[in-house]
Amino acid sequence: MADKTIQDIRDALMKGDRDGVARLTKAAMDNGADIREILNNGLIAAMDVVGGKFKRNEVFIPEVLISAKAMHAGMAILEPHFLKYGIKHIGKVAIGTVKGDLHDIGKNIVSMMFKGACIDVEDFGIDVPPAKFVEAVKKGGIDIIAMSSLLTTSMGAMRDTVKALENSGLRDKVKIIVGGAPVTQEFADSIGADGYAKDAATATDKAKELLNK
Ligand code: B1M
C-alpha cells in the first residue's frame, strides 16, 4: 500500500501534477508513511528522473518547471516535519542573477532543483550586486554562492563577485558555481569559480559534489 502511494507520488510529480503531488504526499503522511521514504523514493527519485530526461533532451524547460513546481508542493507538505524526523538540509546555497541582469526563469529552475535535493536556498532574486553575496558569506552559514547570467554584458559581474569575495578575505569560505546561457566552463575557470553547470540538473549534481554529498 505504502509502495503504491510512493509510486503514485512519483508518477504525479513526473506528470507535473501539482495538486496530485500535494494530495498524495499529505495522504501518505496521514497514513503514517516514512517521511524519508516519501522524500527519497518519491519526490527526489521522480525529480532525478525528470532531471535525467532533461539532460538527454527527452523533456524540455516547461516540463521541468512544471515538475519542479509539483516538487515544491510536496516539499511544502513535508518541510514542517523535517526537524521532527531528523532530516537535515545537506548544505546552504545563496543564489541570484548577477548585477545588471533581470532574467530569472533559469535561475528559478536551478533554485527549485536545489531545494528538491534538500539543499537550503537563500534566493536573492535578480540584479544582485557583488556586495550582497559578500554580505551573505560574511554573515555565515552559506556553503555555495550560485550565480546566473543570461547576458554577455552581465557576465563580468560574476568576475566582480569573485574578486569582491577575494578582497574581503572570504573566498576560501565558500564554493562558487556559475551558469546561464552565455557562460562556459572556460569562463568559469578564468574567473576562478569552483564549478560550472550548463543546466539545472547538472548544477544540482555539481552542488552535491561540492558539498561532498
Ligand atoms: Co532577454 N535576452 N533580454 N529577456 N531573453 C536573451 C537572454 C537573449 C539571448 C535574446 C536574444 O537576443 N536572442 C539576449 C542576450 C544576448 C546576450 O547577451 N548573449 C537577451 C537580451 C539582449 C535582453 C535585453 C537586453 C533586451 C533589451 O531590452 N534590448 C533585456 C535585458 C534586460 C536585463 O536583464 N537587464 C532582456 C529582457 C528580457 C525579458 C525581461 C523580456 C525576459 C526575461 C524575463 C525573466 O527572466 N523573468 C527575457 C527573456 C525571456 C529572454 C529569452 C527569450 C529567454 C530566456 C529564458 O528564460 N530561457 C532569451 C532568449 C533565449 O534564450 N531564447 C533572452 C529559459 C531558461 C530556462 O533558460 O535562463 O538559459 P536559461 O537557464 C537554463 C541554463 O542557462 C541554466 O539552467 C537553466 C535551466 O536549465 N542556468 C544555470 C541558468 N542559470 C544557471 C545558474 C547555474 C547553472 C545553470 O549555476 C548557478
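A short reminder: the numbers here are calculations on the coordinates, not readings from a lab. All of these numbers come straight from a predicted model, not from anything done at the bench. Glycine also receives a Cβ, built like all others from the backbone with ideal geometry; neighbour counts cover every protein chain displayed.
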**OP:** Multiply the residue separation of residue 152 and residue 72 by 0.36 nm, subtract the distance between their alpha-carbon atoms, and state the gained length in nm to one decimal.
**Re:** 25.7 nm
**OP:** Quick one: compute the contact order of the chain, relative version, from alpha carbon pairs under 8 angstrom and 6+ residues apart, as a percent.
**Re:** 18
**OP:** Take the alpha carbon gyration tensor of the range 1-109, find the square roots of its eigenvalues, order them as a ≥ b ≥ c, and report rounded if a/c is under 1.5; if not, report prolate when a/b exceeds b/c, else oblate.
**Re:** oblate
**OP:** Tabulate in residue order the Karplus-calculated ³J(HN,Hα) for the range 179-191, using 6.51 cos²θ - 1.76 cosθ + 1.60 with θ = phi - 60°, rounded to whole Hz; enter x for Gly and Pro.
**Re:** x, x, 3, x, 7, 10, 4, 4, 5, 4, 5, 5, 9
**OP:** Return one number: the angle in degrees, 0 to 90 and rounded to the nearest 10, between the long axis of the Cα atoms of helix 130-139 and the longest principal axis of the Cα atoms of the chain.
**Re:** 60
Original post:
For the chain, with only Lys/Arg (+1) and Asp/Glu (-1) charged at the beta-carbon, what is the dipole magnitude about the Cα centre, in debye rounded to 20?
Top reply: 260
Original post:
Expressed as a whole number of Å, what is the distance separating the alpha-carbon centroids of the range 134-213 and the range 91-118?
Top reply: 11
Original post:
What FRET efficiency do you get for residue 181 and residue 40 if R0 is 45 Å and r is their Cβ-Cβ distance, rounded to the nearest 0.05?
Top reply: 0.90
Original post:
How far is helix 18-30 tilted, in degrees, relative to the longest principal axis of the Cα atoms in the chain, given as a value from 0 to 90 rounded to the nearest 10?
Top reply: 60
Subject >> Sites residue 138 and residue 26 - FRET efficiency at Förster radius 25 Å, r taken between beta-carbons, to 0.05 >> reply: 0.05
Original post:
When the Karplus curve 6.51 cos²θ - 1.76 cosθ + 1.60 is applied with θ = phi - 60°, which whole-Hz ³J(HN,Hα) does each residue of the range 156-169 get, with x for Gly and Pro?
Top reply: x, 5, 5, 4, 4, 5, 4, 4, 4, 5, 4, 5, 8, x
Subject >> Helix-derived mean residue ellipticity, 222 nm - over the chain, DSSP H n ≥ 4, -39500 (n - 2.57), to 500 >> reply: -16500 deg cm²/dmol
Original post:
Arranged by the count of other C-beta atoms within 10 angstrom, fewest first, what order do 183, 174 take?
Top reply: 174, 183
Original post:
What is the chain by shape, rounded, prolate or oblate, if you read a ≥ b ≥ c off the alpha carbon gyration tensor as root eigenvalues and call it rounded for a/c under 1.5, prolate for a/b larger than b/c, and oblate otherwise?
Top reply: prolate
**OP:** Could you work out the relative contact order of the range 1-126, using alpha carbon pairs under 8 angstrom and six or more residues apart, expressed as a whole percent?
**Re:** 26
Original post:
Which of the aspartates and glutamates could be linked to residue 139 by a straight reach, that is with a Cα gap under 13 Å, when you skip same-chain ones fewer than 8 residues away?
Top reply: 122
**OP:** For residue 15, go through the lysines and keep the ones whose alpha-carbon is under 27 Å away, minus same-chain ones fewer than eight residues off.
**Re:** 4, 26, 53, 55, 69, 107, 115, 198, 206, 208
